[in-house]
Amino acid sequence: MRFFFFFITFFIILSPLRADETVTAREILLKRGIEQIVFVKRFTYTASNYYTEYVNSAFLPGGNICVLDLKSGVVTDLCPELKNGVFERFDLDFNATKIVFAWKKSFHEGYRLYEAGIDGSGLRQVLPAPANEERLMKLYKNWYHHGTDDLSPCQLPGGDICFVSSRCQYGITCDAPDTLTTTVLYRCSPDGTRLKKLSGSAVSESSPVCLSDGRILYTRWEYVDKGSVSVKSLWSMRPDGTGTSEVFGNNIALPPTFIYGREIPDSSGWFVFTGAPHSPYTAMGPIFRVNTNGDIRTKTQMESMTPQVRITDETGWEFFDTQINSWSIDREGHGALFKEAFPLDKDLFIVSHKPKGTAVIDPKGYGLYLLDSKGNVLPIYRDTKISCWNPVPVLPRPVPPMLPSQLDPDLSQRQLARMFVADVYHGLDNIPRGTVKYLRILEQVPRPWSARRWDFDDEYGQQHAAITKGTHLVLKVLHGVIPVENDGSANYYVPAEANIFVQALDENYAAVQTERTYIYSMPGETRSCIGCHERRNEIKKFDAKNQPKALLREPDFPQPQPGDDSPRRVIDYVQDIQPLWDKYCIECHGETNPKGNLRLDGNLTRLFNISYEQLVPDRYEPQQWVDHDLVGATIGEHHPKTGNVEYLQPKSLGSYSSVLAAMLSDGKIILSEPAKQKRVEHWKKDHADIHITFEEQIRFQTWIDTNCQYYGSYYGRRNIKYEGRRDFRPKPVFNGKMW
């Protein structure tokens, strides 16, 4: 009898929705004190990607912001006067008296932010379109049917609103037509004033919510020398844009998208989110529960609440068919799908859900359900004519603390941020102390709308304007180097409001390790980290006896690398690398009878030049005559798109994998692979008369270490058919515009 009682209790805990199948979802919610749910009625989006509802979803007007009374079952439309538009997402204020939401009036207008009382009173527009909206439409219209969009608002303590917007005017860098525009985080006051940009991703950010500690949780998509559709992971920031920090999953490839994250109440460090493919359509899939108190970069901390659906690729879903006891692939999503889980506790969630049967874009397929941690569902409400989304209980919640600003006014005035690294060797496996002498400061630059083309002749490998031949997709620029103390510490300034990442360099300015994510800092912000590849929850304590040496002096300003006139410069193959071949190599490796079938002349090709095409592998049409070991290991952000995010050991990329870099280093670079080093020694004998300067060596290593970029700018015509035009391949300069 005791065993039987234990079994029943255990079953109830694990499967709360199956404990008593006679209890309805509404009764369960009412017992928890939830009497109303506010949600969105909207026809299902038909967009191409998880984030493109505002760009290329069909305009299907109808629906509303609605309140469901759980006692009576009555549903009330809060804004009937807006019924002829489309509602996106909303947030409920902390007192549960007002909502702020995004609404779209027509196909030719963007989403805008509005506010109303929870009873529908006081409807007003919070933030109008930019004053130059009409001009933006005329200048940049390219399938994208209007100027800008403001989306996914969330309430902040004190009344301000955080949201995502395309006002940044960046194009998605893996989109050749340049129609899929970027959204980043913004903030404004309740009356729409004091508009401030909080982030600067080259690709989209989404679904911000305010956490109980006052921070903002959101989804950040990025690729810095890693797979272009992985990863979109959970991040946080303070409401003033400072303190950006990975919450979970920055090197987890699948599912490609972690979106609609929320913290689980009374469960510190626990979150729930929707896992979604990159495409097709808009962010439906399994629901995951995650514990961030452990390792935040492993799937062992993730648990699917919906085991009947999974994602094993960038596109579509796999569903478990109980009749054949097997998984089946379904790109059109006819199986059970989920979206936007609101957690009541660790084991119970209100979700938007489509049962098995119709396709993912069924315009009326989604309703409101209770979901438990074993995948069981109970219906709450469903409209047979239109889908239901974004469920939130109408309950007041504690107001999070207003986090004070900690910006240094002097640094803010100078548009600078301060960075401190405690010990660069922390996490730098198998690198002896004393090896790292410098940090190279690099920036990943978003592609502005002003660099848009309309003829697509400059496209390469999904790049709207070719930057590389199959390596990275987002432009990189150099901001110089700073010294590292012999205890591994560094203290330095970087430009604020820029996507900054660093490389650890040895005494020869060759990269030992590359940071494959970026830090975006506010003007006047001070940031610190322990070392390489740290986790957010790692801590290192210091006292007077082991104070990092770099903290005992003023921060360093980045300085030029040897041979550079300025710390800040573009990275451009024609200016940086081709002169080396012209000076030392084309006598033997020129256009006529090149030795070893290797041409290093600068004759132009369709988008690049001969030497670059010979050195950098074409990942789309691999050339048999390209010697891949010459430039060594590079990252192709589209090869593969999904994955390609795992931690790479020091010296596995760039100069320390390159036969050519080692040969030109005059013995300073020794390759770890014996076969490669043997080739280096052989080549050195054949090129005994070639001695490049140390400054030339550094410039060549910088090019290889930064993943073999060709163009130093997004601007100018690339295609050789435009040769002779004034805007054909102009010389890029570092002036903040000609990137």
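Which order results if 326, 245, 165 are arranged by neighbouring Cβ count within 10 Å, fewest first? Show your work: numbers first, answer last.
Values: 326 9, 245 13, 165 28.
Fewest-to-most Cβ neighbours within 10 Å comes out as 326, 245, 165.
Under 22 Å Cα to Cα from residue 98, which lysines show up? Leave out anything in the same chain fewer than 8 places away.
Excluding near neighbours in sequence, the set is 41, 71, 83.
Regarding the range 409-722, what is the average projected area of its C-alpha convex hull, in nm²? Write down the numbers at each step before the final one.
Values: hull surface 72.3 nm².
Quarter of the Cα hull surface area: 18.1 nm².
For residue 666, what charge total do you get from the other residues with a beta carbon under 12 Å from its beta carbon, if Lys and Arg give +1 and Asp and Glu give -1? Present the calculation step by step, with values, prior to reporting the outcome.
Working: positive: 668, 684; negative: 696.
Residues near residue 666 contribute +1 overall.
What distance in nm separates the two pseudo spin-label positions at residue 268 and residue 131, each 7 Å out from Cα along the beta-carbon direction?
With each label point 7 Å from Cα toward Cβ, the separation is 4.8 nm.
Run down the lysines and flag those whose C-alpha is under 24 Å from the C-alpha of residue 721, throwing out any fewer than 8 positions away in its chain.
Partners found: 469, 731.
Remind me, what semi-axes does the range 2-393 give for its equivalent ellipsoid, largest first in whole Å, using sqrt of 5 times each Cα gyration tensor eigenvalue? Display every interim value, and only then the final one.
Values: eigenvalues 200, 117, 88 Å².
Calculated on Cα positions only, the semi-axes equal 32, 24, 21 Å.
Could you tell me the calculated FRET efficiency between residue 34 and residue 692, based on Cβ-Cβ distance and R0 = 56 angstrom, to the nearest 0.05? Intermediate values should be presented prior to the final figure.
Numbers: r = 71 Å, r/R0 = 1.28.
Plugging the Cβ-Cβ distance into 1/(1 + (r/R0)^6) gives 0.20.
Mean separation of Cα pairs under 8 Å and 6+ residues apart, divided by the residue count of the chain: what relative contact order is that in percent? Present the calculation step by step, with values, prior to reporting the outcome.
Details: 1894 pairs, mean separation 85.2, N = 739.
Relative contact order for the chain comes out at 12 percent.
Could you calculate, for the chain, the ratio of the Cα radius of gyration to the Kirkwood radius, expressed as Rg to Rh? Intermediate values should be presented prior to the final figure.
Details: Rg = 27.4 Å, Rh = 27.5 Å.
Here Rg/Rh amounts to 1.00.
DSSP beta bridges in the chain, what fraction antiparallel, as a percent rounded to 5?
Working: 124 of 132 bridges.
Taking every DSSP beta bridge within the chain, about 95 percent pair in antiparallel fashion.
Where does the charge balance sit around residue 407 when Lys and Arg score +1, Asp and Glu -1, over other residues with C-beta under 11 Å from its C-beta? List each step's numbers first, then the result.
Values: positive: 238, 418; negative: 240, 408, 410, 525.
Result for the neighbourhood of residue 407: -2.
How much length would be gained if the chain were fully extended between residue 682 and residue 406, taking 0.36 nm per residue of separation minus their Cα-Cα distance, in nm to one decimal?
Details: separation 276, 0.36 × 276 = 99.36 nm, distance 5.72 nm.
Difference between extended and current length: 93.6 nm.
Among 104/339; 226/374; 196/476, which pairs are too far apart, with a Cα-Cα distance over 31 Å? Write down the numbers at each step before the final one.
Values: 104/339 21 Å; 226/374 34 Å; 196/476 25 Å.
The pairs that break the limit, which is 31 Å between Cα atoms, are 226/374.
Classify the range 114-242 as rounded, prolate or oblate from the Cα gyration tensor: take a ≥ b ≥ c as the square roots of its eigenvalues, call it rounded if a/c is under 1.5, otherwise prolate when a/b beats b/c and oblate if not.
Values: a/c = 2.23, a/b = 1.19, b/c = 1.88.
Judged from the Cα gyration tensor, the range 114-242 comes out oblate (a/c at least 1.5, b/c at or above a/b).
What is the calculated FRET efficiency for residue 455 to residue 591, with r their C-beta to C-beta distance and R₀ = 25 Å, to the nearest 0.05? Each step should come with its number before you reach the end.
Numbers: r = 30 Å, r/R0 = 1.19.
The calculated FRET efficiency here is 0.25.
Give, as a single signed number, the net charge of other residues whose beta carbon lies under 12 Å from the beta carbon of residue 317, with Lys and Arg counted +1 and Asp and Glu -1. List each step's numbers first, then the result.
On the way: positive: 310, 331, 354, 356; negative: 313, 314, 318, 330, 332.
Once positives and negatives cancel, what remains is -1.
Roughly speaking, what is the stretch gain from residue 619 to residue 430, that is 0.36 nm per residue apart minus the C-alpha to C-alpha distance, in nm to one decimal?
Details: separation 189, 0.36 × 189 = 68.04 nm, distance 3.09 nm.
Gain on extension, residue 619 to residue 430, equals 64.9 nm.
Say R0 is 45 Å: what FRET efficiency, to the nearest 0.05, do residue 384 and residue 303 get from their beta-carbon distance? Numbers along the way, then the final one.
Numbers: r = 33 Å, r/R0 = 0.74.
FRET efficiency, residue 384 to residue 303: 0.85.
Students often check this: by mean Cβ neighbours within 10 Å, which of 312-324, 504-516, 356-368 ranks highest, and how do the rest follow?
On the way: 312-324: 15.5, 504-516: 21.4, 356-368: 19.0.
Top of the packing list down: 504-516, 356-368, 312-324.
What aspartates and glutamates does residue 356 reach when the alpha-carbon gap must be under 14 Å and sequence neighbours fewer than 8 apart in one chain are set aside?
Here the aspartates and glutamates satisfying the reach criterion relative to residue 356 are 318, 321, 330, 332.
If you take the Cα atoms of the range 610-739, find Rg, then find the Kirkwood Rh from the mean of 1/r over all pairs, what is Rg/Rh?
My calculation puts Rg/Rh at 1.01.
Every read-out reported here was derived from the displayed coordinates using simple, explicitly stated rules and does not represent laboratory data. Just so you know, these numbers come straight off a predicted model, no measurement behind them. Heads up, the Cβs are rebuilt from the backbone with ideal geometry, glycines too, and the neighbour counts pull from every protein chain shown.
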